[in-house]
Amino acid sequence: MNPRPSKRNPNRPKGILMNGVLPFDIAVVGAGAAGLMTAIAASSVSSAVTGRKKPSVLLLDSRKKIGAKILMSGGTRCNVTNTRVLPSDYEGGPKHFVKHVLEAFTPEETRAFFEAIGVPLILEPTGKYFPATHSGKTVLEALIKEAERLSVKLETGVLVRNIKKEGPHFILKGENFEAHAERVVLTTGGLSYPETGSDGTGFLIAKSFGHSLVKRTPALTPLTTPDADWQVLSGVSLEVKLSFFENGKKKAERGGAMLFTHFGFSGPAALDISRFVAGCGAPDRYEIRASFFPGETEEGLKKRFEDVRREHPGKHVKSFFTETLGLPERFAEAFLKKINADSRTPLEQCGARGAGRLIHLFLNYPLEVTGVVGYKKAEVTAGGVDLKEANFSTMESKLVPGLYFAGEILDVDGRIGGFNFQWSWSSGTVAGRSVAAAAVGLD
Ligand SMILES: Cc1cc2nc3c(=O)[nH]c(=O)nc-3n(C[C@H](O)[C@H](O)[C@H](O)COP(=O)(O)OP(=O)(O)OC[C@H]3O[C@@H](n4cnc5c(N)ncnc54)[C@H](O)[C@@H]3O)c2cc1C
């Protein structure tokens, strides 16, 4: 005998999800940052203003507990946005598309929105905004509460396996349910941290509708090195500038803190450059050069070296790095070992050529990087649904009327600093507003 459907059985059959006897006006697939924002924006359409019936919104997620990434983000503090968000903070599809979407819902509007739902944000000196509570849980709870207040119907534990358009309706099917809707927004995210629900089904669904997918690779993921001299520095962090060269040509430069780990390099600078490493593939096609003292030129540093040598000729070469430049001792030891320099050599014994070589390598060190850690530790996915096949004013598919996209499923990836969530809030708001306008006949 089949067990009777019960609220306590999480695997209970869901059956057919309908809005009474009618299909939902809008089904949003994926209840992460972009999906929650889309559903809230769509349900915020006021019938008093439009004079039309408010659209019914169904929000589906494969996970029983939603919002895992919001909870884990920013070291569980959730870096919601940044003071300044520009298209140049993103890689992926065309910049004018990204610009249009960011301007339609700006970081200022994001802050006002969160304030209005009871989550004031505080600014840190780095330009990053966090909830005043320093907890991603506050952000997630407020979004869910707002969606509930606006009568969004949230169904969790339902994995949408495929979607078909039959006549004017979309039919969404999973193992234990079927849902009917007039319009669909895909907000299923990418492939990173798959245990959070990002299993890539959304990409397959987009493809089944004829959408092209730009090559997907992990991004904002640590770099790996077999170099034991760097691995032993695990825990040391310093400001660097990393330059990425592909087939000898410089393609990108990223600055910020870099953290040495037991397997390689992490921290914002390494994470930000990782999308290029992952996209390039074989290590013999790329090179990463590190400047361990960004902001300083070879000329400037040579002059400082000369000044110290003149004043303190008996000082050891290591002290130039630790005392003059203020770098960690462990790092100075490791760097000098790597370039075959004796850390106890007195400065007076360093000739001009030796000093020049030392400084050149210090500002242009070729790091041995064999690849990236990958999706299991990637904050985002680079690549995704090709922006050329979506309308930047509405986020609607140019191929399938009534199908929309928002968030990480699209070919847009931001750098570290709140830029990825801002993309979710902005694209989710644009998608939500336009799908609702279409649903109530105002588009
Ligand atoms: C460790 C970590 C830290 C981060 N920190 C920050 C930060 O501080 N600031 C920042 O800006 N960004 C940060 N990010 C990136 C940010 O979390 C993402 O850019 C953002 O969550 C993307 O939102 P999304 O809604 O598009 O996708 P997701 O958050 O991945 O949500 C997609 C949802 O869709 C559901 N889903 C997928 N497929 C289906 C399906 N077929 N049927 C039903 N449901 C489905 C999934 O279960 C999931 O809930 C971080 C990411 C990670 C992993």
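For the reader, a short list of remarks on this structure follows.
- Which listed residue is part of a strand (DSSP E or B), assigned by TED's automatic domain parsing to the domain that holds L410 and charged (D, E, K, R), from E91, E108: E91
- Long-range neighbours under 7 Å by Cβ, at least six apart or interchain, first residue closer than 16 Å to G255 by Cα and in the same structural domain as V240 (by TED's automatic domain parsing) within segment 275-290, second of a type in the set (S, T, N, Q) and not in a strand (DSSP E or B): R289/N364
- Scanning segment 291-333 for residues that are surrounded by 15 or more Cβ atoms within 10 Å (Cβ to Cβ), within 34 Å of the chain's Cα centre (by Cα) and among the hydroxyl-bearing types (S, T, Y) gives a single hit, S291.
- Breaking point among (1) under 15 Å from the mean Cα position of the chain (by Cα); (2) closer than 23 Å to R433 by Cα; (3) away from the ligand (no atom under 13 Å from the Cβ), for K99: (1)
- Residue in segment 176-189 that is at pLDDT below 95, buried (at least 21 other Cβ atoms within 10 Å of the Cβ) and not in a strand (DSSP E or B) present: no
- Residues in segment 266-315 that are outside any strand (DSSP E or B), closer than 14 Å to L242 by Cβ and among the acidic types (D, E): D272 alone.
- Reported count of residues in segment 320-350, each being among the small types (G, A, S) and either free of Cβ contacts under 8 Å to residues at least 12 places away in the same chain or outside the structural domain of A278 (by TED's automatic domain parsing) (or both), is 1.
- Options K14, K53, K7; residue that is at pLDDT below 95 and either of a type in the set (F, W, Y) or in contact with a helix residue (DSSP H, G or I) (Cβ under 8 Å, 6 or more places away or on another chain) (or both): K53
- Subset tally (residues that are touching a Lys or Arg at 6+ places or on another chain (Cβ under 8 Å), part of a loop (DSSP other than H, G, I, E, B) and more than 7 Å from the ligand (Cβ to nearest atom)) for segment 60-79: 0
- Counting the residues of segment 380-390 that are touching a Lys or Arg at 6+ places or on another chain (Cβ under 8 Å) and within 16 Å of the ligand (Cβ to nearest atom) gives 5.
- Filter result for V412 (in contact with a strand residue (DSSP E or B) (Cβ under 7 Å, 6 or more places away or on another chain) and in the same structural domain as L325 (by TED's automatic domain parsing)): no
- Only one entry of R289, R309, R285 meets the criterion of being among the basic types (K, R) and farther than 30 Å from K215 by Cα, and that entry is R309.
- Qualifying residue in segment 382-402 (condition: under 30 Å from P294 (Cβ atoms) and in contact with a Ser or Thr (Cβ under 8 Å, 6 or more places away or on another chain)): yes
- As a summary of the residue check, L86 satisfies the conditions (1) of a type in the set (A, V, I, L, M, F, W, C); (2) within 21 Å of V185 (Cβ to Cβ); (3) without any contact (Cβ under 8 Å) to a residue 60 or more places away in the chain except for the one numbered (2).
- Some residue of segment 127-141 being more than 11 Å from the ligand (Cβ to nearest atom), in a helix (DSSP H, G or I) and over 19 Å from the mean Cα position of the chain (by Cα): yes
- Tally of residues being away from the ligand (no atom under 13 Å from the Cβ) and of a type in the set (V, I, T) across segment 405-443: 3
- Unique match (being modelled with pLDDT of 95 or more, hydroxyl-bearing (S, T, Y), assigned by TED's automatic domain parsing to the domain that holds T106 and loosely packed, with under 15 Cβ neighbours inside 10 Å) among S135, S151: S151
- Contacts under 7 angstrom Cβ, first residue in segment 351-379 being farther than 22 Å from R309 by Cβ and within 16 Å of the ligand (Cβ to nearest atom), partner in a loop (DSSP other than H, G, I, E, B) and small (G, A, S), 6 or more apart: Y375/S192; A378/S192; E379/S192
- Scanning segment 402-439 for residues that are in contact (Cβ under 8 Å) with a residue 60 or more places away in the chain and hydroxyl-bearing (S, T, Y) yields Y404, S424, S426, S427, T429.
- Residue within segment 197-207 that is modelled with pLDDT under 95 and either surrounded by 22 or more Cβ atoms within 10 Å (Cβ to Cβ) or in the same structural domain as R275 (by TED's automatic domain parsing) (or both) present: yes
- Failed criterion for S393 (all others in (1) outside any loop (DSSP other than H, G, I, E, B); (2) touching a residue at least 60 places away in the same chain (Cβ under 8 Å) hold): (1)
The values are calculated or read from the model by the stated rules, or taken from the named source; none is laboratory data. Everything quoted here is computed from the prediction, not taken from an experiment. Note: ideal-geometry Cβ built from the backbone for every residue, glycine included; neighbour counts use all protein chains shown.
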